[in-house]
Amino acid sequence: MSEYYLELKGVTKSFPGVLALDNVSLSVRPGTVHALMGENGAGKSTLMKCLFGIYKMDEGEILIEGNKVTINNPDEAMKLGVAMVHQELQPILPRSVAENMYLGRFPVRKYGPLQIIDHKKMNEDTSYWLKEVGMDFNPKTKLSDLSIGQMQTIEIAKAVSHEAKLIIFDEPTSSLSDKEVEVLFRIMNDLRDRGVAMIYISHKMDEIKRIADDITIMRDGGYVGTWKASELTTEEIITKMVGRELKNIYPEHKDTPGEVLLDCRNITSINEHSFKDCTFQIRRGEIVGFGGLVGAQRTELMEAIFGIRNIKSGEIYVNGKKVDSKTPRRAMDAGMGLITEDRRGKGILGCLSIKDNVGVSVYDKNLRAGFVLNHGNINGIVDKSIKQLSIKTPSMSTAISSLSGGNQQKVIIARWLANNPDILIMDEPTRGIDVGAKHEIYEIMCELAREGKAIIMISSEMPELLGMSDRVYIMCNGYIRGEISDPEELTQERVMQFATMF
């Protein structure tokens, strides 16, 4: 028997203009959690897609329990005992838990030439596998009634129901609350005890140190090395990932704030279960954080200020002038920009190029004769953005969907910078992004503050909230419960005190 359940040897994969994987190897032991780490664009997801049969590798081989195998598609991967829990869930919300679990493989009863889905067996089997991962959902419950974390648990149960011996977790905690993360880790520990091998992709260092047995690090499509997790400090992991030492991930920014740019007074939603009576101010040159637990209504408040959601009452002033931001266009005309929390769902235009994703915010300002796009001007704006934000891409005509998460985020930032807003709302700006890309985005934020922009940052990552904010407002249950402006009081304990003040 091989020491390893899985071995990838010499995997190489190219896309037009990009060498995504260059002779990469990976060995995973049974009954272990193997962290796969690297910056966005390092090739982690590409390597896993080659393993799972989504991509066909140009060179290399796959060995499972010492035997060489060929995997041409995900169905073949699952038949070999390999399952994958994707970062971006694609649930069918109107259907039941059981129907989502058994999509594409429904148990059937035969009546002569007819085949009818056996709902009774499907529901019974679903209950069994849910209990296997320690969850007791009703299999008939619609997925739309569950939280993101519970949906993630359904995906894990689905992987276990294939009796998988290797499960790939791709950024599984990017949308989970702390409580839901604890549930996930309990399930993973149970799976490890049963001898299941797991590959865990995450950028969250505290999670890696808690759950991983082994760590493999990739950089720029290549293999850096594999270590026992206990042998590496967080600082050493970061250095190996980025190829340079990051002594302080949060850049210093001690600029003196200027005049009030955004003044929001008693903002209340038309939805009685959302934000209520929210009053706050943002000054020129400030980075102001908004903290709170999941469901605190931070995103909803900012979307309302930007004109995406309706406001029942309240007033918004920009530069002392009252603004009626009933639509995003009016908010943009007033000098606001919004980088959405949901990068893939609401941020990028996935079927379009980098040029179109950046240029869409300024097309109306770059027209000849009122209706013909001035591509010369637009190309100049996009080219400047690519250089200014160090966006890694072969060209501006490259599809944004082919970029790493960190580079996609930079393109979205470039879109708004092209429109030159005075107020930039950044909702979870570094979610799902590696530490090197995070540092670059933090530097961009600090530079914008130095230029006199006002930055609002919603963050669920406590170190980020404390490390980047000049001041912090904390929300709970739709209300702003507190403001912390004294650096001495800006602590995790103080933030949590306000965040749980029901």
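Need pairs with beta-carbon distance below 7 Å; first residue within 20 Å of Val323 (Cα to Cα) and open to solvent by 40 Å² or more (accessible area, probe 1.4 Å) and within the range 246-267, second small (Gly, Ala, Ser) and modelled with pLDDT of 80 or more; sequence gap 6+ or separate chains.
Arg265/Gly314; Asn266/Ser313; Asn266/Gly314
Name every residue in the range 197-224 that is among the aliphatic types (A, V, I, L, M) and in a strand (DSSP E or B), in order of residue number.
Ala197, Met198, Ile199, Ile201, Ile215, Ile217, Met218, Val224
List, please: which pairs have Cβ atoms under 7 Å, are six or more places apart or on different chains, and start with a residue in the range 338-351 that is of a type in the set (S, T, N, Q) and end with one that is surrounded by 15 or more Cβ atoms within 10 Å (Cβ to Cβ)?
Thr340/Gly347; Thr340/Asp427
Tell me, yes or no, whether the range 55-76 has at least one residue that is surrounded by fewer than 22 Cβ atoms within 10 Å (Cβ to Cβ), more than 24 Å from Lys165 (Cβ to Cβ), among the hydrophobic types (A, V, I, L, M, F, W, C) and in contact with a helix residue (DSSP H, G or I) (Cβ under 6 Å, 6 or more places away or on another chain).
No: zero hits.
Is it true that Ile208 is buried (at least 19 other Cβ atoms within 10 Å of the Cβ), within 30 Å of Val18 (Cα to Cα) and modelled with pLDDT of 95 or more?
So Ile208 does not fit the description; no.
Kindly provide the set of residues from the range 145-176 that are over 14 Å from Gln90 (Cβ atoms), open to solvent by 30 Å² or more (accessible area, probe 1.4 Å) and assigned to a helix (DSSP H, G or I), ordered by number. First the steps, then the outcome.
From the range 145-176, those over 14 Å from Gln90 (Cβ atoms) are 145-147, 149-150, 153, 156-157, 159-169, 171-174, 176; that's our starting set.
Now drop any that are not open to solvent by 30 Å² or more (accessible area, probe 1.4 Å), which leaves 145, 147, 150, 162-163, 165.
Across the range 145-176, the qualifying residues are Asp145, Gln150.
Going through the range 356-375 one residue at a time, which ones are closer than 24 Å to Gly432 by Cβ and open to solvent by 30 Å² or more (accessible area, probe 1.4 Å)? Walk me through it before giving the result.
Going through the range 356-375, the residues closer than 24 Å to Gly432 by Cβ turn out to be 356-358, 360-361.
Asp356, Val360 - these are the residues of the range 356-375 that are closer than 24 Å to Gly432 by Cβ and open to solvent by 30 Å² or more (accessible area, probe 1.4 Å).
Pull out all pairs, ordered by first then second residue, where Cβ-Cβ is under 6 Å, the residues are six or more apart or on different chains, the first lies in the range 91-110 and is among the charged types (D, E, K, R), and the second is in a loop (DSSP other than H, G, I, E, B).
Arg109/Asp118
So which residues in the range 159-174 are of a type in the set (D, E, K, R) and farther than 21 Å from Leu63 by Cβ?
Selection gives Asp170, Glu171.
Can you work out which of the residues in the range 436-457 that are basic (Lys, Arg) and modelled with pLDDT of 90 or more is most open to solvent (accessible area, probe 1.4 Å)?
Among them, the one singled out is Arg450.
Out of all the residues in the range 79-101, which are open to solvent by less than 60 Å² (accessible area, probe 1.4 Å) and either touching a strand residue (DSSP E or B) at 6+ places or on another chain (Cβ under 9 Å) or of a type in the set (D, E, K, R) (or both)?
Gly81, Val82, Ala83, Met84, Val85, Gln87, Ser96, Val97, Glu99
Identify all residues within the range 458-481 that are open to solvent by 10 Å² or more (accessible area, probe 1.4 Å) and on the phi > 0 side of the Ramachandran plot; write none if there are none.
Across the range 458-481, the qualifying residue is only Asn477.
Could you tell me how many of the residues in the range 464-490 are under 20 Å from Lys204 (Cα atoms) and either in a loop (DSSP other than H, G, I, E, B) or without any contact (Cβ under 8 Å) to a residue 12 or more places away in the chain (or both)?
1
Of all residues in the range 19-33, how many are open to solvent by less than 60 Å² (accessible area, probe 1.4 Å) and closer than 19 Å to Gly221 by Cβ?
Counting residues in the range 19-33 that are open to solvent by less than 60 Å² (accessible area, probe 1.4 Å) and closer than 19 Å to Gly221 by Cβ gives 6.
Can you run down the residue pairs with Cβ atoms below 9 Å, 6 or more apart or on separate chains, where the first is in the range 150-169 and under 21 Å from Lys44 (Cβ atoms) and the partner is surrounded by 20 or more Cβ atoms within 10 Å (Cβ to Cβ) and of a type in the set (S, T, N, Q)?
Pairs found: Gln152/Thr173; Gln152/Ser175; Glu155/Asn100; Phe169/Ser202.
Can Thr393 be described as crowded, with 18+ Cβ neighbours inside 10 Å, modelled with pLDDT of 90 or more and either touching a strand residue (DSSP E or B) at 6+ places or on another chain (Cβ under 6 Å) or not hydrophobic (A, V, I, L, M, F, W, C) (or both)? Please lay out each step first, then the result.
On the way: crowded, with 18+ Cβ neighbours inside 10 Å: yes; modelled with pLDDT of 90 or more: no; either touching a strand residue (DSSP E or B) at 6+ places or on another chain (Cβ under 6 Å) or not hydrophobic (A, V, I, L, M, F, W, C) (or both): yes.
The answer is no for Thr393.
Please specify each residue of the range 296-333 satisfying the condition of being open to solvent by less than 30 Å² (accessible area, probe 1.4 Å), in a loop (DSSP other than H, G, I, E, B), within 16 Å of Pro421 (Cβ to Cβ) and in contact (Cβ under 8 Å) with a residue 60 or more places away in the chain.
Phe306
Name every residue in the range 325-350 that is at pLDDT below 85 and under 19 Å from the mean Cα position of the chain (by Cα), in order of residue number.
Matches in the range 325-350: Glu341, Asp342, Arg343, Arg344, Gly345, Lys346, Gly347, Ile348, Leu349, Gly350.
Looking only at the range 21-66, which residues are assigned to a strand (DSSP E or B), more than 24 Å from Lys158 (Cα to Cα) and within 21 Å of the chain's Cα centre (by Cα)?
Result: Met37, single match.
Can you tell me how many residues within the range 230-259 are at pLDDT 85 or above, in a loop (DSSP other than H, G, I, E, B) and acidic (Asp, Glu)?
Within the range 230-259, residues that are at pLDDT 85 or above, in a loop (DSSP other than H, G, I, E, B) and acidic (Asp, Glu) number 1.
Can you go through Leu403, Leu338, Leu389 and tell me which one is of a type outside the set (Ser, Thr, Tyr), touching a Phe, Trp or Tyr at 6+ places or on another chain (Cβ under 9 Å) and under 28 Å from His203 (Cα atoms)?
Being of a type outside the set (Ser, Thr, Tyr), touching a Phe, Trp or Tyr at 6+ places or on another chain (Cβ under 9 Å) and under 28 Å from His203 (Cα atoms) holds for just one of Leu403, Leu338, Leu389, which is Leu338.
Residues that are of a type in the set (A, V, I, L, M, F, W, C): which strands (runs of 3 or more DSSP E) entirely in the range 67-144 hold 2 or more of them?
82-85, 114-117
Is it the case, given these coordinates, that Asn407 is touching a strand residue (DSSP E or B) at 6+ places or on another chain (Cβ under 6 Å) and at pLDDT below 85?
no
Give the range 187-198 a look and list any residue that's over 9 Å from Val133 (Cα atoms) and either open to solvent by 10 Å² or more (accessible area, probe 1.4 Å) or in contact with a Cys (Cβ under 6 Å, 6 or more places away or on another chain) (or both), or say none.
Result: Asn189, Arg192, Asp193, Arg194, Gly195, Val196.
The values are calculated or read from the model by the stated rules, or taken from the named source; none is laboratory data. It should be emphasised that the depicted structure is a prediction, and the values quoted were computed from it without experimental measurement. A quick note on method: Cβ atoms are made from the backbone with ideal geometry, for glycine too, and the neighbour counts reach across all protein chains shown. SASA here: full protein model, heavy atoms, side chains in, ligands and nucleic acids out. Shrake-Rupley method; radii C 1.70, N 1.55, O 1.52, S 1.80 Å.
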